[in-house]
Structure formats: C-alpha cells, structure tokens
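The values are calculated or read from the model by the stated rules, or taken from the named source; none is laboratory data. Source: prediction; values computed, not measured. When we count neighbours, we look across all protein chains shown, and the Cβ atoms used for this are built from the backbone with ideal geometry, even at glycine.
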Amino acid sequence: EPEVTQTPSHQVTQMGQEVILRCVPISNHLYFYWYRQILGQKVEFLVSFYNNEISEKSEIFDDQFSVERPDGSNFTLKIRSTKLEDSAMYFCASSERPAGNTEAFFGQGTRLTVV
Amino acid sequence: QKEVEQNSGPLSVPEGAIASLNCTYSDRGSQSFFWYRQYSGKSPELIMFIYSNGDKEDGRFTAQLNKASQYVSLLIRDSQPSDSATYLCAVNGKTSYDKVIFGPGTSLSVIP
C-alpha cells in the first residue's frame, strides 16, 4: 500500500540551528501539507503546497519556515533558526485532491527536539 | 472562539458498548468534516468524512452532521479495546479548500 515516508524519525538540534525535515509523498498525489503537534496538544496546520507553490499557510508558518519540492519526489520543510518552542512532532501529508474534499494520508512523523 | 472544539475526555466505555464522540465548529461556511483516529505516538489516520447533513455509516462507525447546529459526532458501535485512541475532529476552512483544522481530540478508553 502506498504511504507517505518521512525522514528522519527523530531529529535533535541545538537552538539556532537550521533543520530540514524530509518527506516523500504518495507518488500520484498533487497536494502536500505540513502539520505539527506539540506534545499533548492538537494537530496544527502549517502549510499546504500545490503546483510548486504555497496555496495556504497558517500564522505559525512565519519567515523562519520554508517548504520546497526540490525534485519530483521529495517535499521538505526547512526551519531556519530553531527555537525551543519548535520542539514538536512534524507530520507531512499528501492527497490526490484538496484536503477539504478527500482523505489526506499522513506520514509517521518526525519528532524534532530543540535543545 | 476556538475553531473546532471537542470534549477532551477521557471517555471510558465498556467493551461492546457504543462510544459517542462530539465536535462543534465555529466556521458556519465549513463544508467538509473528518474524523481521524490517533494512537499514542502515531500519526492521524482517517476513519471517515462527511459532507452532507444526516448520518453516514461505515462498518461500526457512524458520523452525524448537523450544519445548522454546527455539530458533528462519531458513534462507535460494539466498541473494542483496539478502539482505544484519541479521536480527532477536523473541519475544512470556509475560505480555503485545502486547509483542514483539527480539534484537540477526545481520548477514548474501551475497558475489556
């Protein structure tokens, strides 16, 4: 069964460092998303990406965040200068159509720990 | 006003009973409503989605939507211990069809 793959599963970084979280969406999907979940809190929308551009972003997704689809298979989230409060589980998701009218498939997540 | 609200629980039900999970949302223009299940430390997985007022059934699960009341619920019949998880209600935004907002989740515990 096709699945969304995220690497690494766990990333520890020092405050102020840049991190790149990687995702391989399901191959025939066109819509890509990043969500985050701080421990014990709700899943929060960060950004959606379609046709090589951001289609929607939340207030959380400020200038320290960026997304990229560098090739035909990868979708990345970059955090430029990490803060302690960026520690969370980051989920990548993808869907065939906009997530508002179809199932979005989630990857297993990357747990980011900023120390 | 919070966009999607759920009772945090925990909700405990005995095995074989019906579990009822509730969700309210603030954006009257929302069109799509989702129930995800999340096991501890795992990613969300879709149980079902509903667009129209009324009931939608899928196996042991029934989603109910009342747009006038801005209310959506999930019933789990014949609850099993494996149903023990956090159930996330999610709603798409009025102005964007690809932004889905999650509620805080309700923790369900099914007691054998």
Inset, instruction - Of the numbered conditions (1) at pLDDT below 95; (2) within 30 Å of residue A:6 (Cα to Cα), residue B:52 fails exactly one; give the number of that condition. - result: (2)
Legend entry - Where residue B:61 falls short, out of the listed (1) within 11 Å of chain A (Cβ to nearest Cβ); (2) under 11 Å from the mean Cα position of the chain (by Cα): (1)
Inset, instruction - Give the stretch A:75-115 a look and list any residue that's over 19 Å from residue A:22 (Cα atoms), among the acidic types (Asp, Glu) and more than 14 Å from every other protein chain (Cβ to nearest Cβ), or say none. - result: A:85
Inset, instruction - For residue B:37, indicate whether it is basic (Lys, Arg), in contact (Cβ under 8 Å) with a residue 12 or more places away in the chain, within 14 Å of another protein chain (Cβ to nearest Cβ) and not in a helix (DSSP H, G or I). - result: yes
Inset, instruction - Output yes when any residue across the stretch A:44-51 is at pLDDT below 95 and loosely packed, with under 12 Cβ neighbours inside 10 Å, and no when none is. - result: yes
Inset, instruction - Within the stretch B:7-24, count every residue that is at pLDDT 95 or above and within 13 Å of chain A (Cβ to nearest Cβ). - result: 1
Inset, instruction - Only residues that are more than 8 Å from chain B (Cβ to nearest Cβ), assigned to a strand (DSSP E or B) and without any contact (Cβ under 8 Å) to a residue 12 or more places away in the chain: list them for the stretch A:15-61, please. - result: A:53, A:57
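With respect to residue B:88, is the statement that it is at pLDDT 95 or above and farther than 15 Å from residue B:20 by Cβ true? Spell out the reasoning first.
Numbers: at pLDDT 95 or above: yes; farther than 15 Å from residue B:20 by Cβ: yes.
In short, yes.
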